[in-house]
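Enquirer: Supplied in structure tokens, the structure appears directly below.
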Amino acid sequence: MVLTKYYTFAKVDILQKLMYIWNELFSGIFITIILFIFFHIWTTIFAGKEVVQGFTLVQIMWYFALAEIGVIAIGEWIDQVGEEVRTGTLATFLLKPMNYVGAKFAVYMGTALYKLLILGLFAFSIVYSLVGSINFSAEHIIFTFVTFILANILNFVLTMCMGLMAFWFEDVSALYWMYQKSIFVMGGLLAPLDVYPIWFREIVQYLPFSFITYAPAKLFAQFNADMAIVTIAGQLVWIAFGVMALYFIYRRGIKQVVIHGG
Amino acid sequence: MGVKAHLSFLATFYRRELSSLMEYRFNFISQTIGMFLNDVLWIFFWFLLFYNFKTINGWSFHEMMFLYSILGMVWGVKAGLFSNSNKLARTIAEGQLDYYLSLPKNVLLHAIAKTGYSAGGELLFGITLSALTFKLEQLPLFLLFIITSTAILVAWDIIVNSITFYVGNFEQAARTASNILLTFSFYPFSVYSGATKFVLLFIIPAGFVTGIPVELLKSFSWKWLAITLSFSLLFSTFAVWFFYKGLRKYESGNVMAMRG
């Protein structure tokens with residue numbers, strides 16, 4: 001019963017998006033272009049070599065497919081949270097028998113799953129047509145899916161923390177740009193961490209960014225049961241830290257809300 | 001309007017834009033720092049990638065510093081002067097061109113002129129990186145490319161947004177098209193050849209925004225300089241022609257609105 005209302009939020013959001021499914025065509029075109037650029041760059045880097053930094057060209061392209069879906073799927077939803085905090089729209093949620101963060105989480109996860117399906121269709125088709133398939137097993141798909149979901153939960157928790165910083169700062173978009181670029185570089189969106197210098201890799205592999213993009217995409221490209229366990233453990237630890245921070249920020253922030261009548 | 005009148009109009013316009021930005025000083029400063037660090041992370045990525053691979057088809061980290069210097073400056077100038085160029089589709093679709101049509105100023109120039117918050121950070125990054133990258137004798141060519149590349153980026157925005165005149169709602173498609181040109185400009189141009197290279201020069205002209213300027217700064221060629229200048233001029237002229245041709249099809253939105 002408690003969860004039904006949040007499920008309804010996610011369902012309504014997906015139904016709304018289905019009404020405008022053609023909008024997804026543009027995200028699809030964009031992901032196709034990105035994968036096309038990466039294909040050219042990495043074909044040049046491979047230059048006839050079978051393996052580069054532990055990846056084959058086929059594996060690296062499937063890596064990018066999942067990494068890009070994860071990031072493009074979410075987009076810049078933080079603007080909406082920042083706007084709701086700044087304009088006070090958030091106050092209307094305080095009157096409802098539901099939690100603001102919970103409602104946002106339901107919508108966020110609904111969007112992530114919906115976009116995984118739609119963008120996946122584009123990304124996997126282009127990668128398949130460029131380099132062919134990689135071998136999949138049932139456990140491979142299940143573990144990748146679980147880590148993808150946990151990565152999205154972690155991303156939600158961290159971006160929500162940033163969005164709620166709007167209680168204190170007028171504009172949180174600059175904070176989000178830096179977070180987004182950290183995902184690009186330290187999260188392994190632009191290149192798997194394996195191609196970076198060892199000193200850098202050893203630092204960033206423990207940061208939350210790599211658990212959001214790199215780890216699920218690497219599992220997708222090169223499945224390994226041990227790595228799956230380590231990834232899930234790492235994601236759960238970071239989610240736990242993130243939730244504590246989110247709870248603290250929300251409790252402190254909500255005290256800043258001043259509600260006038262009318 | 002003559003050239004002098006245009007310049008005087010723009011000087012007054014941008015003075016007001018600047019004072020408007022300064023009203024929200026905290027936003028301006030935080031976005032300037034944020035955008036600067038955002039760009040630093042991009043160049044840091046290329047540093048990391050080239051740490052192991054050294055070159056990608058003849059381009060090294062040094063060429064990427066050229067590329068990001070140009071991109072930072074061009075994006076900064078575009079955001080500083082014409083940040084509404086990629087919002088033209090919405091302005092047309094919602095009938096808000098009425099406001100610009102009713103004034104005795106250049107409609108297109110007035111509709112795209114706007115100073116965005118991100119300009120400061122981009123310019124700061126562009127100036128810092130180019131000071132570290134360029135030799136003094138390269139400066140004239142670099143400044144010339146800032147003009148040609150900005151002209152191409154703005155012209156592309158005008159063209160893709162003006163399609164709205166013909167098809168109605170084209171806002172999201174125009175935004176995607178705008179992003180596509182920019183995205184291609186972020187990566188080394190040396191990885192393309194044959195038909196792809198041709199498309200990226202003459203259909204989606206990302207090659208002229210960063211790729212060819214970097215090649216020319218690396219090894220100069222009169223032929224490619226002439227091609228770049230001619231293309232930039234022709235492409236910009238076409239964009240202006242295309243906008244005014246579309247404008248004949250414009251239907252007023254009959255909108256009563258305050259413009260802030």
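The values are calculated or read from the model by the stated rules, or taken from the named source; none is laboratory data. Not measured: the values here are computed from a predicted model. Here the Cβ positions follow ideal geometry from the backbone for every residue, glycine too, while neighbour counts run over all protein chains shown. SASA here: full protein model, heavy atoms, side chains in, ligands and nucleic acids out. Shrake-Rupley method; radii C 1.70, N 1.55, O 1.52, S 1.80 Å.
Enquirer: What percent do you get for the relative contact order of segment A:28-153 when only Cα pairs under 8 Å and 6+ apart count?
Expert: 42 percent
Enquirer: Is there a simple number for the mean count of other chain Cβ atoms within 10 Å of the Cβ of residues in A:170-179, and what is it?
Expert: The mean count of partner-chain Cβ atoms within 10 Å per residue comes to 6.
Enquirer: Just want to confirm a number: the relative contact order over segment A:4-254, from Cα pairs under 8 angstrom separated by 6+ residues, in percent.
Expert: About 27 percent, as a whole number.
Enquirer: Assuming a strict under-14 Å limit between Cα atoms, what lysine pair count do you get for chain B once near-sequence pairs (fewer than 8 apart, same chain) are dropped?
Expert: Step by step, the pairs that qualify in chain B add up to 5.
Enquirer: Next question. Show which aspartates and glutamates lie in cross-link reach of A:K104 when reach means a straight Cα distance below 17 angstrom and same-chain residues fewer than eight apart are skipped.
Expert: Candidates past the 8-residue exclusion: A:D13, A:E76, A:D79, A:E83, A:E84.
Enquirer: Return the lysines within reach of A:K218: Cα separation strictly under 23 angstrom, same-chain partners fewer than 8 residues apart disregarded; answer none if there are no such residues.
Expert: The qualifying lysines are A:K49, A:K115, A:K181.
Enquirer: For chain A, what is the calculated [θ] at 222 nm in deg cm²/dmol (nearest 500), taking -39500 (n - 2.57) for each run of four or more DSSP H residues and dividing by its residue count?
Expert: -24500 deg cm²/dmol, from helical runs alone.
Enquirer: Counting only protein heavy atoms and rolling a 1.4 Å probe, how much accessible area do B and A lose on contact, total for both sides, in Å² to 100?
Expert: 3200 Å²
Enquirer: Now a separate question. Just grab the label-to-label distance for B:E94 and B:S252, each label 7 Å out from Cα along the Cβ direction, in nm (one decimal).
Expert: For the pair B:E94/B:S252, the computed spacing is 1.9 nm.
Enquirer: Using a probe of 1.4 angstrom, how much of the accessible area of chain A is carbon and sulfur, in percent?
Expert: Ligands and nucleic acids excluded, carbon and sulfur reach 69 percent.
Enquirer: A further question on this structure: Give the long-range amide H neighbours of B:K114: residues separated by 5 or more places, or on another chain, with amide H under 5 Å away, using H modelled in the peptide plane at 1.01 Å from N.
Expert: Under 5 Å from the amide H of B:K114 lie the amide H atoms of B:F82, B:S83, B:N84, each far enough along the sequence or on another chain.
Enquirer: Efficiency by 1/(1 + (r/R0)^6): what FRET value for A:T4 and A:I142, r their Cβ-Cβ distance, R0 = 25 Å, to the nearest 0.05?
Expert: About 0.40, to the nearest 0.05.
Enquirer: Rounded, prolate or oblate for segment A:118-174? Axes are the square roots of the Cα gyration tensor eigenvalues, ordered a ≥ b ≥ c, and the cut-off for rounded is a/c under 1.5.
Expert: oblate
Enquirer: In nm, to one decimal, how far is the A:Y206 label point from the A:T87 one, both placed 7 Å along Cα→Cβ?
Expert: Result: 4.3 nm between the two label points.
Enquirer: Which ³J(HN,Hα) values, rounded to whole Hz and listed in residue order, are derived for segment B:138-151 from phi using the Karplus coefficients 6.51, -1.76 and 1.60 in 6.51 cos²θ - 1.76 cosθ + 1.60 with θ = phi - 60°, glycine and proline given as x?
Expert: Couplings: 8, 4, x, 5, 4, 5, 4, 5, 4, 5, 5, 5, 4, 4 Hz.
Enquirer: Provide the net charge surrounding B:I227, with neighbours chosen by a C-beta distance below 15 Å and charges set as Lys +1, Arg +1, Asp -1, Glu -1.
Expert: +1
Enquirer: Accessible area per residue of chain B at 1.4 Å probe, in Å²?
Expert: It amounts to 47 Å² per residue over chain B.
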